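The values are calculated or read from the model by the stated rules, or taken from the named source; none is laboratory data. Predicted model, so just to flag it, every value in this text is computed and none were measured. Note: ideal-geometry Cβ built from the backbone for every residue, glycine included; neighbour counts use all protein chains shown.
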Amino acid sequence: MLQQALTGISGILVTPFDEGDRIAPARLQPIIDKALAAGMHIPVVNGNTGEFYGLTMEEAEEMIHAVTGMVDGRAPVLAGVGRSVGDACRLARAAAKAGAAGLMVHQPPDPFTAPRGVKTYLSRVAEAADGLPLVLYLRNDAMGAAAIADLCSVPGVVGVKWASANPLRLAEAMAASDPSIVWVGGLAEVWAPAFYAVGARGFTSGLINIWPERSMAIHAALEGGDYACARALIADMAPFEEIRAEEMNGTNVTGVKAALAAVGQDCGPTRAPSAWPLTAAQDTRMRAFLQANGLARRSAA
């Protein structure tokens with residue numbers, strides 16, 4: 001069930017904060033409901049759009065329990081885990097207890113990381129996960145295709161979210177790995193056609209928080225092999241992703257949360273070191289994007 005869902009859209013949910021900088025999970029309920037109604041396949045909690053590295057461990061645990069509760073069995077929930085091996089195992093146990101369908105294991109950010117050490121890390125997480133399947137989240141492919149295939153051989157690994165802008169290395173890793181592994185485009189809609197072209201299926205999405213219908217339309221076009229349609233649909237959302245990519249990607253989550261606030265689904269600010277708020281010029285462009293696509297009008301209706 002999880003592997004089939006991975007070929008769809010993995011919606012990376014934001015983490016809402018209140019005015020006192022406390023997590024406010026309940027603000028996600030209408031966002032989750034709208035995305036699931038549109039057809040989102042997998043809600044993902046504690047992803048990078050969820051500001052995973054800006055959360056305390058207690059907050060990350062609470063978000064796992066809150067999101068699985070709000071989804072309430074309507075779709076398989078993927079819970080992000082990571083940081084130190086102890087932290088990752090702690091979150092893995094929390095995810096199993098909460099009823100998550102699987103774990104998205106963030107690539108360890110430690111500057112002194114060996115591929116065989118990452119394999120040990122994954123094995124430890126798998127042991128703590130109590131049978132939950134693992135999806136690797138790879139942002140750096142420098143270890144090479146053979147090492148990536150070795151990571152995929154860890155019992156329990158069923159998929160890889162590929163977040164490196166390198167389709168050729170993706171193709172190499174796919175060819176070197178167990179054919180049962182599901183390879184998911186991990187750089188959202190913009191890179192999905194390139195990853196689909198070499199055999200990946202499904203993609204991650206931050207747009208799902210704002211405009212789930214557009215994400216679903218892009219997915220349908222790619223599944224149908226209509227790349228021209230997918231490119232046209234992506235072109236319309238380009239301003240949204242362009243704003244998110246600015247300031248060394250420091251406005252990635254800022255853009256999503258600013259758009260949510262503009263359409264009446266305020267989830268609070270981002271936490272430092274993310275940029276907040278958008279600059280005046282960025283905000284003007286974001287509001288123009290929302291207006292041009294009927295999103296602002298829809299929220300006011």
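A search for C-beta distances below 8 Å between a residue of the stretch 187-205 that is in contact (Cβ under 8 Å) with a residue 40 or more places away in the chain and any residue that is of a type in the set (F, W, Y), counting only pairs 6+ apart in sequence or on different chains, returns A188/F203; E189/F203; A192/F203; P193/Y227; R201/W183; F203/W191; F203/F195. Does T254 qualify as being among the polar types (S, T, N, Q) and surrounded by 22 or more Cβ atoms within 10 Å (Cβ to Cβ)? Yes; evaluated as a whole, the condition is true for this residue. Across the stretch 79-106, the number of residues qualifying as touching a Phe, Trp or Tyr at 6+ places or on another chain (Cβ under 9 Å), within 18 Å of V44 (Cβ to Cβ) and surrounded by fewer than 20 Cβ atoms within 10 Å (Cβ to Cβ) comes to 1.
Here is a yes/no grid of residues against (1) at pLDDT 95 or above; (2) over 24 Å from M1 (Cβ atoms):
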| residue | (1), (2) |
| --- | --- |
| A94 | yes, no |
| D110 | no, yes |
| T120 | yes, yes |
| A126 | yes, no |
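Within the set of pairs 6 or more residues apart or between chains, which connect a residue that is of a type in the set (F, W, Y) inside the stretch 134-148 to a residue that is in a strand (DSSP E or B) with Cβ atoms less than 6 Å apart? Correct list of pairs: Y137/M104; Y137/H106; Y137/K161. Take the stretch 60-72 and flag every residue that is out of contact with any strand residue (DSSP E or B) (no Cβ under 6 Å at 6 or more places or on another chain), part of a helix (DSSP H, G or I) and closer than 20 Å to M1 by Cα. Result: T68, G69, M70. Restricting the first member to the stretch 269-293 and to residues that are free of Cβ contacts under 8 Å to residues at least 24 places away in the same chain, and the second to residues that are part of a loop (DSSP other than H, G, I, E, B) and not hydrophobic (A, V, I, L, M, F, W, C), the beta-carbon pairs closer than 6 Å and six or more apart or on different chains are W276/P269; W276/T270. For the stretch 149-169, taking the residues that are touching an Asp or Glu at 6+ places or on another chain (Cβ under 8 Å) and assigned to a helix (DSSP H, G or I), the one that is farthest from V125 (Cα to Cα) is identified as R169.
Restricting the first member to the stretch 241-257 and to residues that are free of Cβ contacts under 8 Å to residues at least 12 places away in the same chain, and the second to residues that are part of a helix (DSSP H, G or I) and surrounded by 19 or more Cβ atoms within 10 Å (Cβ to Cβ), the beta-carbon pairs closer than 8 Å and six or more apart or on different chains are A245/N252.
For the stretch 192-201, a residue qualifies if it is under 26 Å from M286 (Cα atoms) and crowded, with 24+ Cβ neighbours inside 10 Å, and exactly one does: A192. Count of the stretch 43-59 residues, restricted to those that are touching a strand residue (DSSP E or B) at 6+ places or on another chain (Cβ under 8 Å), surrounded by 21 or more Cβ atoms within 10 Å (Cβ to Cβ) and of a type outside the set (S, T, N, Q), is 6.
Check R214, R231, R244, R201 and return the single one that is modelled with pLDDT of 95 or more, more than 21 Å from M104 (Cα to Cα), basic (K, R) and touching an Asp or Glu at 6+ places or on another chain (Cβ under 9 Å).
Testing whether each residue is modelled with pLDDT of 95 or more, more than 21 Å from M104 (Cα to Cα), basic (K, R) and touching an Asp or Glu at 6+ places or on another chain (Cβ under 9 Å) leaves just R214.
Can you tell me which residue is farthest from A101 (Cα to Cα) among those in the stretch 160-179 that are touching a Cys at 6+ places or on another chain (Cβ under 9 Å) and not β-branched (V, I, T)? Out of the qualifying residues, it is A176. Against the test of being more than 21 Å from G54 (Cβ to Cβ), over 18 Å from the mean Cα position of the chain (by Cα), part of a helix (DSSP H, G or I) and among the aliphatic types (A, V, I, L, M), the options A261, A235 yield a single qualifying residue, A235. The residues in the stretch 193-249 that are among the acidic types (D, E) and over 25 Å from I32 (Cβ atoms) can be counted, and the count is 4.
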